[in-house]
1. Using the Kirkwood formula on the Cα atoms of the stretch 135-189, what hydrodynamic radius do you get, in angstrom to one decimal?
2. I'd like the distance between the alpha-carbon centres of the stretch 18-36 and the stretch 73-93, rounded to an integer number of Å.
3. List the pairs from Lys100/Lys166; Lys72/Lys166; Lys9/Lys100 whose alpha-carbon separation is above 22 Å, in the order I gave them.
4. Read through the labelled values (i) 45, 38, 26; (ii) 44, 34, 32; (iii) 59, 30, 30 and report the label of the one computed as Cα extents along the principal axes in Å from the structure.
5. Mind checking which lysines have their C-alpha under 18 Å from Lys48, skipping anything on the same chain fewer than 8 residues away?
6. Report, by chain and number, residues whose modeled amide H sits under 5 Å from the one on Thr80, excluding near sequence neighbours (fewer than 5 apart, same chain).
7. Which part of the stretch 125-161 falls in the paramagnetic zone of His85, meaning amide N under 15 Å from the point 7 Å along Cα-to-beta-carbon?
8. Tally the DSSP beta bridges in the stretch 89-189 and give the antiparallel ones as a percent, rounded to 5.
Amino acid sequence: MSETDKNLKIAVLAGTTRVKRQSFNAAKLVAEVGRGIEGVEIIFVDPKEFNFPNDGNDPEGKDPRYSEITAKADAFFIVTPEYNHSFPGSLKRMLDSELKNYIHKPVALAGASNGHWGGLRAVEALVGSVREMGLVVTYSDVYFPNVDKAFVDGRLVSDLVEQYDKSIKAAYDELIWMARALKTARTQS
């Protein structure tokens, strides 16, 4: 078994296809922090790079590249913006394209908004959907309030680096713990 095969594979999902998506910077930061964790392989998923032509999880509504990612991922970390007190339809569409590949895999959630709530309502709205898909939701969420001001030229402003490094790593700690436990349980059943 190669070293890469031993690593936990975590898919970081950017949650929107919107042109001026401020949350994309937060998703890139979450992936960057994950890449610095030993024993973890990050797969960054930009929904703009995939095609989901129809609703549901029927074969004609899948993108085989996304199916492959969800099959090999041991865990997921979704970074969603908050649009109208919920998460984007493009994220729901992407998530709906797979079901069997999510069963008994953990998911961490991060929210982002231009306001002071940091995507809290989007995360709350997402919990029910991902649970129904068979994903196991962690409790250490990450929130990016005022995301439009938190990043300059795609980089987190310096006075926020320590705060977000700490909160993102805490979310990864729980996600990795759950990924190992659930991976072991899945292989034993």
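All of the numbers you see were taken from the coordinates with simple rules; none came from a lab. Source: prediction; values computed, not measured. So basically every Cβ, Gly included, is an ideal-geometry build from the backbone, and we count neighbours across all protein chains shown.
1. 13.2 Å
2. Each part's Cα centre sits 13 Å from the other's.
3. Lys100/Lys166; Lys72/Lys166
4. Here the calculated entry is (i).
5. Straight-line reach from Lys48, under 18 Å: Lys20, Lys28, Lys62, Lys92.
6. Ala110, Gly111, Ala112
7. 125-126
8. Among the beta bridges of the stretch 89-189, antiparallel pairing accounts for roughly 25 percent.
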